[in-house]
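What follows is calculated from the coordinates using simple rules that are stated; it is not laboratory data. Quick caveat, the model's predicted, so the values are computed rather than measured. Glycine also receives a Cβ, built like all others from the backbone with ideal geometry; neighbour counts cover every protein chain displayed.
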């Protein structure tokens, strides 16, 4: 036989016992050519395109699940940033389009549709402001629409006027939804990639073709499996083992992504090799770090361990695919990762340590519940801190905070399903108000002058 | 004609009739068995069967549903996966 029994069983065991799956296939769709002065026609063109391609995406993905025996967990759609396509429309157009996108996603069997957002790193147009103002309405009245805002970049610096607005917008969204759930569908970025397949931040960037099929592989469980088996090797050896594993799962992702794109007759975009945790115990990134020898995620050494882990994943992934893109970092969402959640509960992990972790490897402060009475300027300041790391270091960073109404530090909150459960994190009681309210634009760092 | 190869893999407790029942199921759908390997790994019986589906009219999804009956009856784990996934993961 061309393959040894051990090779075949290695792949089989990954799917049967280590939760190996394709986390998401996300079809990016250009909506610029749907723009029409008549909002009714505009919405109807958007609805038809999204439902048509959405249904096909779900059907074709299902066929490949059968063919390869690897579950494809989420089938999603990202669209052109909505603020761009509503520039010439009336004030209520963003909200109306959001309702259309929500209905189209539901009718096509798509669980989340991304792209309700704007790129405002240097300033806001009138349409951008309309969209930002509509976020509380949209995120409290729709079910499947995900929103994003890019407010900083290495080239442009950071739009602090937008950051000020976000503090109040995020609190407003939280106040209008149970347990602040609306905030779980809203991500704020610096250096947001245009081809990210993961929600809530996915959008179909302006440099993209009409369609682009992007795939997010997953493999915390598989990586955990090999780390668990290799308790005695040194860190060089461990890096090598993780690298080999990442190579294999990226190759599987690339195969499925390319075939799905061909079957849909759309261009293949990228493979995002992020380690994306889920609420399953065996699917925790924190769990991998702990198996590496850290007693509890957040203890000294966690940053180094996570840096080694994602570096090995990137090296394996880069060898396996010429199309690595999207976020391709480690996700360390607190509520969605059982190990992260335990570390918060036991006092091992603070928001300051989470910020440090994002400096070397991960993509941001993700799914963190904070007290409902956190001042809006403090929320803006946390966003500014996190995004500064991205702006200065030329990497993507994002923030998804949930100020849970009526809850204080240490309280428990359950967001339900894949969004998980968590404990409210303690936030510094000292004020950043006077700094944040200065507004303006943080200039781009000197590292941006590369020409 | 180009082959359409799948791996049927079985993990479980060794017992009489595993290969017989699976062979019978694939034969019924005109699927040719190309190769077979089996051994005891970590106390479990494991078997890989390489089968060519090019002359068969059945879809992989439907074959899986039929094999699921054997899975339940005999307390086994049975997977059916197209050969391409093994090529992608184990061959450069």
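Mind checking B:11-23 for the average number of partner chain beta-carbons within 10 Å of each residue's beta-carbon? Spell out each step's value before the answer.
Details: counts 5, 0, 0, 0, 0, 0, 0, 0, 0, 0, 0, 0, 0.
Mean number of neighbouring Cβ atoms from other chains: 0.
Can you work out the FRET efficiency for the pair residue B:87 and residue B:30, with r the C-beta to C-beta distance and R0 = 25 Å, to the nearest 0.05?
Numbers: r = 24 Å, r/R0 = 0.96.
The calculated FRET efficiency here is 0.55.
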task: Grab the Cα-Cα distance for residue A:281 and residue A:106, subtract it from 0.36 nm times how many residues apart they are, and report the gain in nm with one decimal.
output: 60.0 nm
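Could you rank the peptides A:111-120, A:241-250, A:441-450 by their average count of other C-beta atoms within 10 Å per residue, with the highest value first? Working shown, then result.
On the way: A:111-120: 25.4, A:241-250: 23.0, A:441-450: 12.9.
Those peptides, ordered most packed to least, come out A:111-120, A:241-250, A:441-450.
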query: Label residue A:161 and residue B:66 with points 7 Å out from Cα along Cα→Cβ: what is the distance between them in nm?
result: 6.8
message: Limiting things to C-alpha atoms, what are the Rg and the maximum Cα-Cα separation (Dmax) for the range A:157-224, in angstroms?
response: 15.7, 43
- request: Could you tell me what % of all Cα pairs in chain B have separations over 21 Å?
  value: 29
message: Could you order the peptides A:76-88, A:297-309, A:13-25 from most to least packed, using the average number of other C-beta atoms within 10 Å per residue?
response: A:76-88, A:13-25, A:297-309
- request: Apply 1/(1 + (r/R0)^6) to the Cβ-Cβ distance of residue A:262 and residue A:411, taking R0 = 30 Å, and write down the FRET efficiency to the nearest 0.05.
  value: 0.05
message: What percentages make up the Cα-Cα pair-distance distribution of the protein assembly as shown when the bins are 10 Å wide from 0?
response: 4, 18, 27, 25, 16, 8, 3, 0
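Going by the alpha-carbon gyration tensor, a ≥ b ≥ c the square roots of its eigenvalues, is the range A:169-264 rounded (a/c under 1.5) or, if a/c is not under 1.5, prolate (a/b greater than b/c) versus oblate? Intermediate values should be presented prior to the final figure.
Working: a/c = 2.68, a/b = 1.40, b/c = 1.91.
Taking the square roots of the gyration eigenvalues as a ≥ b ≥ c, the range A:169-264 is oblate.
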- prompt: At each listed q (0.17, 0.18, 0.20, 0.22 Å⁻¹), what is the log10 of I(q)/I(0) that the Debye formula gives for the range A:1-109 modelled as equal alpha-carbon point scatterers?
  reply: -0.80, -0.86, -0.98, -1.11
task: With a bin width of 10 angstrom, please list the P(r) values of the range A:229-295 as percents of all Cα-Cα pairs, from the 0 bin to the one holding the largest distance.
output: 17, 37, 29, 14, 4
query: Taking the simple approach of a point 7 Å from Cα along Cα-to-Cβ for both residue A:430 and residue A:168, what is their distance in nm?
result: 2.7
query: Taking Cα atoms of the range A:307-451, Rg/Rh with Kirkwood Rh, to two decimals?
result: 1.01
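Based on DSSP H runs of at least 4 residues, each adding -39500 (n - 2.57), what is the mean residue ellipticity at 222 nm of chain A after dividing by all its residues, to the nearest 500 deg cm²/dmol? Walk me through the numbers before you get to the answer.
Values: 14 runs with 202 residues, N = 451.
So the calculated ellipticity at 222 nm is -14500 deg cm²/dmol.
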task: Just need the relative contact order of chain A here, percent rounded to a whole number, with Cα pairs under 8 Å and 6+ apart.
output: 17
message: Based on the alpha-carbon set only, what is the convex hull volume of the range A:29-190 divided per residue, in Å³?
response: 124
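Efficiency by 1/(1 + (r/R0)^6): what FRET value for residue B:59 and residue A:141, r their Cβ-Cβ distance, R0 = 41 Å, to the nearest 0.05? All intermediate terms of the calculation are to be shown ahead of the outcome.
On the way: r = 41 Å, r/R0 = 1.00.
In this case the efficiency is close to 0.50.
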query: Does anything in the range B:42-57 have its amide N under 11 Å from the 7 Å Cα→Cβ label point of residue A:5, and if so which residues?
result: B:42-49
statement: Once residue A:133 and residue A:307 are pulled to full extension, the length gained, defined as 0.36 nm per residue separation minus their Cα-Cα distance, is 58.9 nm
task: For the range A:214-440, take the alpha-carbon Rg, divide it by the Kirkwood Rh, and send me Rg/Rh.
output: 1.00
- request: Just tell me how shielded B:76-85 is by partners: mean number of partner chain Cβ atoms within 10 Å of each residue's Cβ, no decimals.
  value: 6
